[in-house]
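K.L.:
Pasting a structure below so you can have a look.
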Amino acid sequence: MMHLISPSLLSADFGNLQHDIEMTNSSEADWFHLDIMDGVFVPNISFGFPIIKYIKKHATKPLDVHLMIVDPDRYIDDFQKVGADILTVHYEACNHLHRTIQNIKSKGMKAGVSLNPHTPVHLIKDIIADVDLVLIMSVNPGFGGQKFIPNTIDKIKELKELIIKKKSNALIEVDGGVDNTNAKTLIDAGCDVLVAGSYIFKSENQPDTIKGLKNLS
Ligand code: DX5
Ligand code: ZN
């Protein structure tokens, strides 16, 4: 499978959001990555339902929603209603992860689990066959524009082995500090989906930057 690109709108221009949505629609990007932060699980607050609804109205590609919130079960219905296609929760935020994953899937969404940089891959061995996606954080979640943590590469390789061993269909997504200096190494290690925020939206030619991530040489 050709790898996918999921631009993170956290670094978009919210004063001109429609422009950035349309740019993403007409680019080689595959998904829209939406970062939802509650100020409790992470030390930052991003955006909520009215904005997601607006993005859904204009987006022509799936919404890849990354929840950085405590107790995500309370809001699974709401995220389905505003149009999430893929809903990813954090391993560290769920006491009953198996139930949470089943709830997400029962609402017709793809279910993902995300691991913080300090959380080892082996902790998800008993849930890997149930999830559609594993999001490996390559920075500590909460902010765009942080520096990529190199240990991520080993984590991806370990996760890929686990996926094969457990005959899981889960995709591997990487989020944080992704740019042209590490994208190829990530894909070679087994990553399927690259999230990039500041690298895309702070660049001069955004469609070209996306094209570069999609067509790695
Ligand atoms: C960080 C978010 C990321 C963020 C990535 O907590 O999960 O999706 O937008 O931004 P960059 O690509 O700038 O590191
Ligand atoms: Zn994210």
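The values are calculated or read from the model by the stated rules, or taken from the named source; none is laboratory data. Predicted model only: the values in this text are computed from it and were never measured. Cβ: placed from backbone, ideal geometry, glycine included. Neighbour counts: every protein chain shown. For accessibility, only protein heavy atoms count, side chains too; no ligands or nucleic acids. Shrake-Rupley method; radii C 1.70, N 1.55, O 1.52, S 1.80 Å.
K.L.:
Condition (residue is over 14 Å from the mean Cα position of the chain (by Cα) and within 14 Å of ligand 2 (Cβ to nearest atom)) applied to the range 28-39: is it met by at least one residue? Even if it seems obvious, please write down each step before you answer.
P.N.:
Going through the range 28-39, the residues over 14 Å from the mean Cα position of the chain (by Cα) turn out to be 28, 38-39.
Then drop every residue that is not within 14 Å of ligand 2 (Cβ to nearest atom), which leaves 38.
Looking through the range 28-39, at least one residue is over 14 Å from the mean Cα position of the chain (by Cα) and within 14 Å of ligand 2 (Cβ to nearest atom).
K.L.:
While we're here: Is there any pair linking a residue in the range 77-90 that is outside any helix (DSSP H, G or I) to one that is among the aromatic types (Phe, Trp, Tyr), with Cβ under 6 Å and at least six apart or on different chains, and which?
P.N.:
VAL82/PHE49; LEU87/PHE79
K.L.:
Checking VAL174 against (1) under 22 Å from GLU92 (Cβ atoms); (2) of a type outside the set (Gly, Ala, Ser); (3) out of contact with any strand residue (DSSP E or B) (no Cβ under 8 Å at 6 or more places or on another chain); (4) buried (at least 19 other Cβ atoms within 10 Å of the Cβ), which test does it fail?
P.N.:
Looking at each condition in turn, VAL174 falls short on (3).
K.L.:
Among the residues of the range 183-192 satisfying the criterion of being assigned to a loop (DSSP other than H, G, I, E, B) and in contact (Cβ under 8 Å) with a residue 40 or more places away in the chain, which is surrounded by the fewest Cβ atoms within 10 Å (Cβ to Cβ)?
P.N.:
So, considering only residues that are assigned to a loop (DSSP other than H, G, I, E, B) and in contact (Cβ under 8 Å) with a residue 40 or more places away in the chain, the one surrounded by the fewest Cβ atoms within 10 Å (Cβ to Cβ) is ASP192.
Okay, residues lined up against (1) of a type outside the set (Asp, Glu); (2) open to solvent by less than 10 Å² (accessible area, probe 1.4 Å); (3) in a loop (DSSP other than H, G, I, E, B):
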{"residue": "GLU92", "(1), (2), (3)": "no, no, no"}
{"residue": "ASN95", "(1), (2), (3)": "yes, no, yes"}
{"residue": "ILE101", "(1), (2), (3)": "yes, yes, no"}
{"residue": "VAL113", "(1), (2), (3)": "yes, yes, no"}
{"residue": "PRO117", "(1), (2), (3)": "yes, no, yes"}
{"residue": "LEU123", "(1), (2), (3)": "yes, no, no"}
{"residue": "ASP126", "(1), (2), (3)": "no, no, yes"}
{"residue": "ASP130", "(1), (2), (3)": "no, no, yes"}
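K.L.:
So how many residues does the range 94-125 have that are within 16 Å of ILE36 (Cα to Cα) and either among the charged types (D, E, K, R) or more than 16 Å from the chain's Cα centre (by Cα) (or both)?
P.N.:
Qualifying residue count for the region: 1.
K.L.:
What's the number of the condition GLU204 fails, among (1) outside any helix (DSSP H, G or I); (2) within 14 Å of ligand 2 (Cβ to nearest atom)?
P.N.:
Going through the list (1) outside any helix (DSSP H, G or I); (2) within 14 Å of ligand 2 (Cβ to nearest atom), GLU204 breaks only (2).
K.L.:
State all residues of the range 10-26 that are out of contact with any strand residue (DSSP E or B) (no Cβ under 8 Å at 6 or more places or on another chain) and open to solvent by less than 50 Å² (accessible area, probe 1.4 Å); if no residue qualifies, say none.
P.N.:
From the range 10-26, those out of contact with any strand residue (DSSP E or B) (no Cβ under 8 Å at 6 or more places or on another chain) are 11-20, 22-23, 25-26; that's our starting set.
Hits for the range 10-26 are SER11, ALA12, LEU17, ASP20, MET23, ASN25.
K.L.:
Filter the range 144-171 for residues that are among the basic types (Lys, Arg) and within 24 Å of SER217 (Cα to Cα); which is least open to solvent (accessible area, probe 1.4 Å)?
P.N.:
Let us first name the residues in the range 144-171 that are among the basic types (Lys, Arg), namely 147, 155, 157, 160, 165-167.
After this cut, where a residue has to be within 24 Å of SER217 (Cα to Cα) as well, the list is 147, 155, 157, 160.
Details: LYS147: 172, LYS155: 17, LYS157: 101, LYS160: 71 Å².
Going through the qualifying residues, I end up with LYS155.
K.L.:
State which residue pairs qualify: first residue more than 18 Å from ALA196 (Cβ to Cβ) and inside the range 33-48, second residue open to solvent by 30 Å² or more (accessible area, probe 1.4 Å) and of a type in the set (Phe, Trp, Tyr) in any location, beta carbons under 7 Å apart, and separation of 6 or more residues or different chains.
P.N.:
Listed pairs, sorted by first residue: ASN44/PHE143.
K.L.:
Conditions first: (1) more than 8 Å from ligand 1 (Cβ to nearest atom); (2) crowded, with 17+ Cβ neighbours inside 10 Å; (3) assigned to a loop (DSSP other than H, G, I, E, B). PRO141 passes all but one, so which condition is the exception?
P.N.:
Failed condition: (1).
K.L.:
Further question on the same structure: Mind telling me which of the residues PRO43, PRO7, PRO62, PRO50 ends up being open to solvent by 40 Å² or more (accessible area, probe 1.4 Å) and within 14 Å of ligand 1 (Cβ to nearest atom)? Break it down into steps so the answer makes sense when it comes.
P.N.:
On the way: PRO7 fails: open to solvent by 40 Å² or more (accessible area, probe 1.4 Å); PRO62 fails: within 14 Å of ligand 1 (Cβ to nearest atom); PRO50 fails: within 14 Å of ligand 1 (Cβ to nearest atom).
Of PRO43, PRO7, PRO62, PRO50, the one residue that is open to solvent by 40 Å² or more (accessible area, probe 1.4 Å) and within 14 Å of ligand 1 (Cβ to nearest atom) is PRO43.
K.L.:
Give the number of residues within the range 144-182 that are assigned to a helix (DSSP H, G or I) and closer than 16 Å to ILE127 by Cα.
P.N.:
Quick first cut of the range 144-182, residues assigned to a helix (DSSP H, G or I) only: 152-165.
With the extra rule that they be closer than 16 Å to ILE127 by Cα, the set shrinks to 158-165.
Of the residues in the range 144-182, 8 are assigned to a helix (DSSP H, G or I) and closer than 16 Å to ILE127 by Cα.
K.L.:
Continuing with this model, one more query. List the residue pairs whose Cβ atoms are under 6 Å apart, where the first residue sits in the range 125-142 and is farther than 20 Å from ASP85 by Cβ and hydroxyl-bearing (Ser, Thr, Tyr), the second is more than 10 Å from ligand 2 (Cβ to nearest atom) and assigned to a loop (DSSP other than H, G, I, E, B), and the two are 6 or more positions apart or on different chains.
P.N.:
SER138/PHE148; SER138/ILE149; SER138/GLY177
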